[in-house]
Amino acid sequence: MTNALQAEQKLRVDTPARRALRRFTRHRLAMLGLGVLLILVALAVLAPAVAPHSPTKQELSLYRKPPNQDHWLGTDTFGRDVFTRLIYAGRVSLSVGLVAVGIYETIAILLGAVAGYYGSKVDWVIMRAVDVVMTIPTMIVIIFLVSILGPSMYNSMLAIGIMGWPEPTRLVRGQILSLREMDYVTAARSLGLPTYRIILRHVLPGVVAPLVVHATFGVAGAILLEAGLSFLGLGVPPPTPSWGNMMSSAQTLNILERVPWLWVPPGIAIMLSVLSINFIGDGLRDALDPRGMETG
Amino acid sequence: MTKYIIQRVLVSIPIFFGITVIVYALYALAPGDPLAMLLGERAMLEMTAEEIEAARESLGLNDPWHERYFDWFSRAIRGDLGYPLTGGYTVMELLQQRIGPTLLLMATAFVVSLLVGVPMGIVMALKQYSWIDYLVTVLAFAQLSIPSFFLALGAMYVFSLKLDVFPTSGLQTIGAPFSLWDRIHHLIMPSFILAAYFAGVWARYTRSSMLETMHLEFVTTARAKGLRERVVVVRHALRNALLPMITVASLSLGHLLGGSIIIETIFQWPGLGMLGWQATLNREYPILMGIILIASTTVLASNLLADILYAVVDPRIRYN
């Protein structure tokens with residue numbers, strides 16, 4: 001009696017989701033990444049409460065002061081506190097990453113599902129579109145798009161979102177192609193369920209795991225792209241701080257050499273956040289895919 | 001084999017048309033009057049409304065969009081990519097001047113990334129789950145996560161401003177005659193920084209590909225034959241593990257080009273990336289179109305080449 005009860009409890013405990021969670025929490029680098037990312041996100045979300053100064057108020061008497069007790073990371077050319085701007089910039093950079101990836105994963109789910117499920121001509125057209133966009137160097141077109149639309153946070157999100165969908169579309173399509181041959185999908189179809197319901201309830205859930213992994217690495221990539229755009233002056237326009245645009249002044253050798261506190265902290269912030277997200281992505285891949293050898 | 005090649009070439013044709021349509025669509029989206037782009041703002045101010053209308057008509061700007069597209073396409077395919085607003089060169093001539101430095105930078109970065117990344121991957125795979133594996137994994141992830149411009153600024157700070165061992169910018173010392181050593185000296189920093197990201201990519205791919213291959217039966221057979229471990233790893237496992245990377249290599253081409261925009265801008269390297277950046281600032285859309293068209297066509301051609309090459313070295317592909 002007790003044995004049977006224990007056995008049942010044991011069975012209930014070991015669901016695939018639990019096993020995945022256990023594999024994830026055992027991934028040391030992923031847990032480290034999660035910890036660092038949570039701190040960065042908390043700082044960004046709580047920015048108005050945490051930041052010691054105003055991110056945009058100019059104080060010309062504080063022109064490029066090196067780090068000191070009152071300004072931990074010094075002040076910039078307009079006398080603004082670098083630490084405060086760093087925290088506020090986190091809001092911009094992290095949200096651009098999230099929204100841009102949200103845009104292209106949504107496109108990918110729609111196109112991938114349609115291509116994978118309907119096949120034939122629709123599939124051919126969508127997959128050739130995927131080939132076309134994948135062949136065009138992303139960064140150059142993003143720069144072109146942003147220069148047409150004008151530099152702004154929303155246009156950066158849009159431009160990165162428009163160019164990112166081909167790879168996850170392929171992923172979704174491939175996954176659906178293999179899933180729709182599964183017996184339980186055939187069963188659903190023979191029960192007479194409508195197509196959209198089969199796609200939504202029976203096929204898409206199987207696509208989620210690889211897509212989550214892809215999206216995690218995608219956020220890291222999008223943060224890097226946004227930082228690059230803002231560094232070149234095409235992303236988030238000042239005075240709104242973003243990690244990339246805080247560093248653009250270091251393109252002059254004078255600032256690069258004499259005012260390192262302007263460009264080193266945002267550089268480290270970008271690297272830390274991207275590294276943390278990549279670690280989390282690595283952990284998720286190991287956790288969600290038991291065969292888990294694939295790299296991307 | 002011939003059938004496979006013909007099939008791959010046929011698939012590339014609609015993709016090429018797709019690229020030209022997108023490039024043209026970007027141009028059509030760009031703000032500004034195409035007539036002003038062709039004639040110059042000042043020339044237009046001196047014209048009457050009728051003259052402007054006549055100019056539009058004769059240049060075909062009033063034609064429906066598909067006619068304008070075919071007109072542009074037929075000129076582009078013959079190498080006529082139009083004129084930029086300033087300077088006496090055609091877009092094609094500008095591209096020809098700038099493509100050399102970019103190819104040099106990309107090729108060097110590509111070789112460096114392989115030489116750094118592949119050994120990293122091999123070490124990780126052979127010492128799986130050891131502290132070396134962890135250390136190199138973290139290093140590879142750091143290479144994937146550091147923004148290239150941050151790395152560039154840091155390297156400039158240390159190696160140019162503090163240690164003064166490498167120049168901060170340019171293709172060669174200004175005013176000095178061309179010398180090979182001078183060129184290499186200028187090439188080292190930008191190419192290594194451009195290579196850093198891809199070394200990380202190669203390291204990750206090599207690791208997982210090696211791990212997969214090491215478990216295959218022919219590797220066990222090689223061991224069972226009593227071959228030395230080094231021979232097993234290098235001749236049997238590594239050679240097969242590197243096969244799928246032909247595809248990865250051709251995919252990395254587009255990313256290298258994208259990365260060269262930032263690197264060339266920082267290091268004032270006069271290649272296509274810096275040209276594209278200047279064209280963006282000056283809103284010289286014909287130049288940007290030319291760069292995108294050339295870059296995409298190159299990527300398309302290299303993908304085709306990679307497909308064929310892959311089929312040559314791996315017979316399983318062409319019988320599928």
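The values are calculated or read from the model by the stated rules, or taken from the named source; none is laboratory data. Model, not experiment: these values are computed from the prediction. A quick note on method: Cβ atoms are made from the backbone with ideal geometry, for glycine too, and the neighbour counts reach across all protein chains shown. What goes into the accessible areas is simple: the full protein's heavy atoms, side chains included, and nothing from ligands, DNA or RNA. Shrake-Rupley method; radii C 1.70, N 1.55, O 1.52, S 1.80 Å.
At-a-glance table
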{"item": "Set B:Leu139, B:Leu161: member being open to solvent by 30 Å² or more (accessible area, probe 1.4 Å), more than 27 Å from B:Pro119 (Cα to Cα) and assigned to a helix (DSSP H, G or I)", "result": "B:Leu161"}
{"item": "Failed item, numbered, when A:Ser54 is tested on (1) within 14 Å of chain B (Cβ to nearest Cβ); (2) of a type in the set (Gly, Ala, Ser); (3) farther than 23 Å from A:Val208 by Cα", "result": "(1)"}
{"item": "Those helices (runs of 4 or more DSSP H) lying entirely in the range A:92-176 with at least 3 residues more than 13 Å from chain B (Cβ to nearest Cβ) and surrounded by 18 or more Cβ atoms within 10 Å (Cβ to Cβ)", "result": "A:153-163"}
{"item": "The range B:245-274, residues that are assigned to a helix (DSSP H, G or I), more than 11 Å from chain A (Cβ to nearest Cβ) and not hydroxyl-bearing (Ser, Thr, Tyr)", "result": "B:Met245, B:Ile246, B:Ala249, B:Glu264, B:Met274"}
{"item": "Of the criteria (1) open to solvent by 20 Å² or more (accessible area, probe 1.4 Å); (2) closer than 27 Å to B:Gly117 by Cα; (3) assigned to a helix (DSSP H, G or I), which one B:Leu194 fails", "result": "(1)"}
{"item": "Qualifying position, being crowded, with 19+ Cβ neighbours inside 10 Å and either within 14 Å of chain A (Cβ to nearest Cβ) or in a helix (DSSP H, G or I) (or both), among B:Ala55, B:Ala152, B:Ala107", "result": "B:Ala152"}
{"item": "Failed condition for B:Val112, given (1) in a helix (DSSP H, G or I); (2) more than 18 Å from B:Ala241 (Cα to Cα); (3) away from chain A (no Cβ under 11 Å); (4) open to solvent by 40 Å² or more (accessible area, probe 1.4 Å)", "result": "(4)"}
{"item": "Within the range B:17-33, considering residues that are more than 7 Å from chain A (Cβ to nearest Cβ) and in contact with a helix residue (DSSP H, G or I) (Cβ under 6 Å, 6 or more places away or on another chain), the one farthest from B:Phe73 (Cα to Cα)", "result": "B:Tyr27"}
{"item": "Residue count, the range A:267-284 (criterion: in contact (Cβ under 8 Å) with a residue 60 or more places away in the chain and either more than 8 Å from chain B (Cβ to nearest Cβ) or among the hydrophobic types (A, V, I, L, M, F, W, C) (or both))", "result": "12"}
{"item": "All positions within the range A:231-261 that are more than 20 Å from B:Gln268 (Cβ to Cβ) and buried (at least 23 other Cβ atoms within 10 Å of the Cβ)", "result": "A:Gly235, A:Val236, A:Pro241, A:Ser242, A:Trp243, A:Asn245, A:Met246"}
{"item": "Test set (1) more than 10 Å from chain A (Cβ to nearest Cβ); (2) in a helix (DSSP H, G or I); (3) open to solvent by 10 Å² or more (accessible area, probe 1.4 Å) - B:Ala222 fails condition number", "result": "(3)"}
{"item": "Tabulated pairs, the range A:14-38, first surrounded by 13 or more Cβ atoms within 10 Å (Cβ to Cβ), second of a type in the set (Ser, Thr, Tyr) and part of a helix (DSSP H, G or I), C-beta under 7 angstrom, 6+ apart or interchain", "result": "A:Met31/A:Thr25; A:Gly33/A:Ser276; A:Val36/A:Ser276; A:Leu37/A:Ser273; A:Leu37/A:Ser276"}
{"item": "Matching residues in the range A:58-75 - criterion: being in a loop (DSSP other than H, G, I, E, B) and either among the aliphatic types (A, V, I, L, M) or more than 30 Å from the chain's Cα centre (by Cα) (or both)", "result": "A:Gln58, A:Glu59, A:Tyr63, A:Arg64, A:Lys65, A:Pro66, A:Pro67, A:Asn68, A:Gln69, A:Asp70, A:His71, A:Leu73"}
{"item": "Qualifying residue in the range A:199-222 (condition: facing chain B (nearest Cβ under 10 Å) and either in contact with a Ser or Thr (Cβ under 7 Å, 6 or more places away or on another chain) or open to solvent by less than 40 Å² (accessible area, probe 1.4 Å) (or both))", "result": "yes"}
{"item": "Hey, B:Leu171 open to solvent by less than 20 Å² (accessible area, probe 1.4 Å) and either more than 22 Å from B:Met274 (Cα to Cα) or not polar (S, T, N, Q) (or both) or not", "result": "no"}
{"item": "Hits in the range B:65-98 - residues which are hydroxyl-bearing (Ser, Thr, Tyr) and in a loop (DSSP other than H, G, I, E, B)", "result": "B:Tyr83, B:Thr86, B:Tyr89, B:Thr90"}
{"item": "Condition met for B:Tyr134 (more than 11 Å from chain A (Cβ to nearest Cβ) and exposed (fewer than 15 other Cβ atoms within 10 Å of the Cβ))", "result": "no"}
{"item": "All positions within the range A:236-263 that are closer than 16 Å to B:Gly154 by Cα and in contact with an Asp or Glu (Cβ under 9 Å, 6 or more places away or on another chain)", "result": "A:Trp243, A:Gly244, A:Met246, A:Ser249, A:Val259, A:Trp261, A:Leu262"}
